[in-house]
Amino acid sequence: MSTRLIAKIISATQVADEIWRLYIEPTTPIFSYQAGQYLLLTPLGFEPQAYSIANAPGIAPYLELHLRHHTDIAFTQAVLDAAQNGEDVHIEGPLGKAIYQQNPTDPILIVVGGTGFAQGKALLEAHLAAHPQHPAHLFWVARSPQELYLSDLLHDWQTKYPAFHFTPIVSRPQGSGWQGHSERIYHVVTHYYPDLSKTQIYASGPQSLVLDALHTFIAHGMSRESMIADVVVS
């Protein structure tokens, strides 16, 4: 059930040119949610906007959100001002049905674009806490290497959890010195997994990316029910 609460932004850290990592603390400690869900964030004087909760339940006493500044400059500036000035914001949630599925039997693929990584991070935290030896592979596409803003954390997880793999992709590598993947993310996924008939796939990011991935993955054997995404789950 969704709940509307007053909250404080206890930390706002810039992690890329246009991306901020927020820690938000509700004024009441009761806020139950599942990994993969999102909330509505409302600074004073604005309409609410949806953001994935970027940490799994029980990981920390705060809620983590990732904001891209250019998406709505006035809105995100109001959020950053609220953080700097200690002003209240409202949150409402949890919302969304694209949640972590307990007791997986097939390898898990998490396919994310941009700040869609926020949802992927929460899903991964839940999975690695519950099933650290079960195969999981994250594919993350960003416009530049800098926008893979928590790649160090993911490389650490690769070292700590041998069953976890991370494949970064940069869609606009020109001038960056990037030597990794730069193809469409769904083509990278099917390069590693040409047969997707026995996989469970979570996807988040721009709607066009998720829908293009859905059609491509179905052509590679994935059943529609095997993709878990907010734009797919009814």
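The values are calculated or read from the model by the stated rules, or taken from the named source; none is laboratory data. This structure is a prediction, so every number in the text was calculated from the model and none was measured. Reconstructed Cβ throughout: ideal geometry from the backbone, glycine too, with neighbour counts over all protein chains shown.
Scanning the range 143-161 for residues that are of a type outside the set (S, T, N, Q) and under 12 Å from residue 178 (Cβ atoms) returns 143, 145, 147, 148.
From the list 130, 118, 126, 74, the lone residue that is assigned by TED's automatic domain parsing to the domain that holds residue 204 and surrounded by fewer than 16 Cβ atoms within 10 Å (Cβ to Cβ) is 130. Residues in the range 166-178 that are modelled with pLDDT under 95 and polar (S, T, N, Q): 174, 176. Within the range 192-216, being within 22 Å of the chain's Cα centre (by Cα), of a type outside the set (Ser, Thr, Tyr) and more than 19 Å from residue 166 (Cβ to Cβ) holds for 206, 207, 210, 211, 212, 214, 215. Within the range 206-234, the set of residues being under 17 Å from residue 99 (Cβ atoms) and touching a strand residue (DSSP E or B) at 6+ places or on another chain (Cβ under 9 Å) comprises 210, 226, 227, 228, 229, 230, 231, 232, 233.
Out of the residues in the range 126-139 that are in contact with a strand residue (DSSP E or B) (Cβ under 9 Å, 6 or more places away or on another chain) and not in a loop (DSSP other than H, G, I, E, B), state the one that is farthest from residue 198 (Cα to Cα). Filtering the range 126-139 for residues that are in contact with a strand residue (DSSP E or B) (Cβ under 9 Å, 6 or more places away or on another chain) and not in a loop (DSSP other than H, G, I, E, B), the one farthest from residue 198 (Cα to Cα) comes out as 128. Taken over the range 106-137, the residue count meeting the criterion of being over 14 Å from residue 35 (Cβ atoms) and without any contact (Cβ under 8 Å) to a residue 60 or more places away in the chain is 5. Residue-level check: of (1) outside any strand (DSSP E or B); (2) within 20 Å of residue 114 (Cα to Cα), residue 20 misses just (1). Every residue in the range 173-213 that is in contact with an Asp or Glu (Cβ under 6 Å, 6 or more places away or on another chain) and over 20 Å from residue 231 (Cβ atoms), please. Result: 198, single match.
Condition first: without any contact (Cβ under 8 Å) to a residue 40 or more places away in the chain and in a loop (DSSP other than H, G, I, E, B). Now tell me which residues in the range 70-86 satisfy that. Listed by number, the residues that qualify are 71, 72.
Among the residues of the range 17-45, those identified as aliphatic (A, V, I, L, M) and at pLDDT 95 or above are 19, 22, 24, 35, 39, 40, 41.
Each residue in the range 140-173 was checked for being in a loop (DSSP other than H, G, I, E, B) and not polar (S, T, N, Q), and 9 pass. Just one residue in the set 67, 40, 5 is crowded, with 21+ Cβ neighbours inside 10 Å, assigned to a strand (DSSP E or B) and of a type in the set (A, V, I, L, M, F, W, C); that residue is 67.
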